[in-house]
Amino acid sequence: MQRHHFSALAAASLGLGLARTVNAQGAPVAGQDYQKVASPAPVTAPAGTVDVVEFFSYACPHCFEFEPTLEAWLKSKPAGVHFHRLPVRFLQNYANFQPMYFALEAMDLVDAMQQKVFNAVHLEHQRLDKPEEISAFMTKNGVDAKRFMAIFTSFSTRAKVQQANQLMDAYGVNGVPTLVVGGTYETSPTMAKGSEHTTAVVEYLVAKMRGGH
C-alpha cells in the first residue's frame with residue numbers, strides 16, 4: 001500500500017469553535033469522520049485518562065498545516081486526555097526525523113521546537129538529513145547540540161523508534177496526520193473534513209471511550 005499524506009482542508013478558516021463545528025456538521029459518523037483501527041489494542045495511559053496519539057512526519061505538508069490547530073487544541077483539551085505524538089517510518093528523511101523527535105521529547109523540548117522544525121523543513125527548505133545540519137539547527141535554536149546528538153544516536157532512542165514502528169504497523173497507519181484514540185479509533189483532517197473538526201471528532205471519541213464503547 002502506498003504511503004500517503006492526508007490532506008488538511010480549510011475548516012479552520014471558518015473560525016468555528018469545536019462545539020459549534022460539531023453542531024454544524026452533526027455528530028461524527030462512523031466510517032466517515034472516524035473508523036476503527038486495523039487492530040485495536042489496549043494502551044498504557046495514566047489512570048483515568050484516554051490515550052490520544054498523533055502519527056505524523058516532519059516531512060508531511062499536511063502535518064505542518066495541521067500543527068497550529070493541534071497546538072491550539074492542546075492548550076484547551078478536555079481533562080483526562082493523555083496526548084503524545086509518534087513519528088512514522090515513511091516519507092522522506094524518516095531515518096533522521098524519527099530520532100529527532102524522540103531526542104526532543106527526551107529533552108522536554110517538543111513544545112518549544114515542534115513548530116520550529118516544521119518551519120525549517122517547509123518554509124526554510126532545510127533538509128536536516130546530515131548530522132552536522134541537525135546539530136547546527138539545534139545550536140541556532142538554543143538547544144544543547146552535544147547533548148541532543150548523544151540522545152539522537154542513543155540505544156534508548158532507537159528502541160523508541162522501534163516501538164513507534166510496531167504500533168504504527170499494528171494500527172495499520174498508512175497516512176499522516178492520523179490520530180488514534182484509546183487504541184481503538186482513528187480520525188484525520190481528511191476523514192473529518194477539516195482541521196478543527198478533527199479535534200472535535202477526537203473529543204467525541206474520547207467521550208465514547210469513557211462511555212465504554
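The values are calculated or read from the model by the stated rules, or taken from the named source; none is laboratory data. Fair warning: this is a prediction, and the values are worked out from it, not measured in the lab. Glycine also receives a Cβ, built like all others from the backbone with ideal geometry; neighbour counts cover every protein chain displayed. All accessible areas refer to the heavy atoms of the entire protein, side chains included, with ligands and DNA or RNA removed. Shrake-Rupley method; radii C 1.70, N 1.55, O 1.52, S 1.80 Å.
Model label points for GLU133 and ALA30, set 7 angstrom from Cα along the Cα-to-Cβ axis, are 4.5 nm apart. For the chain, modelled as a GNM whose springs connect Cα atoms under 10 angstrom apart, the maximal fluctuation among THR190, THR198, THR44 occurs at THR44. Lysine pairs in the chain whose alpha-carbon atoms fall under 16 angstrom of each other, counting only those eight or more residues apart or on distinct chains, come to 5.
A 1.4 Å probe over all protein chains sorts HIS62, HIS125, HIS82, HIS197 by accessible area into HIS125, HIS82, HIS62, HIS197, starting with the largest.
Apply the membrane-span-like helix rule to the chain: whole DSSP H runs, Cα extent along the own long axis of at least 20 Å, mean Kyte-Doolittle hydropathy at least -0.5. List the helices found.
Numbers: long enough: 61-76 (24 Å, -0.36); 155-171 (24 Å, -0.62); 195-210 (23 Å, -0.01).
Membrane-span-like by this criterion, though nothing is claimed about a membrane: 61-76, 195-210.
Tell me the GluC sites (Glu not before Pro) within region 95-203 that lie in a loop according to DSSP and have at most 12 other beta-carbon atoms within 10 Å. Display every interim value, and only then the final one.
Working: sites: GLU105, GLU124, GLU132, GLU133, GLU186, GLU196, GLU203; in loops: GLU124.
The qualifying sites are GLU124.
Taking label points 7 Å from Cα along the Cα-to-Cβ direction, ARG210 and ASP111 give a separation of 2.2 nm. Taking all Cα pairs closer than 8 Å and separated by 6 or more residues, the relative contact order of the chain comes to 42 percent.
Figure note: MET168, MET209 ranked by solvent-accessible area, largest first, 1.4 Å probe, ligands and nucleic acids not counted: MET209, MET168.
If you take Rg/Rh (Cα atoms, Kirkwood Rh) from the coordinates, which of [x] 0.93; [y] 0.99; [z] 0.96 do you get? Only one option fits the structure, namely [z].
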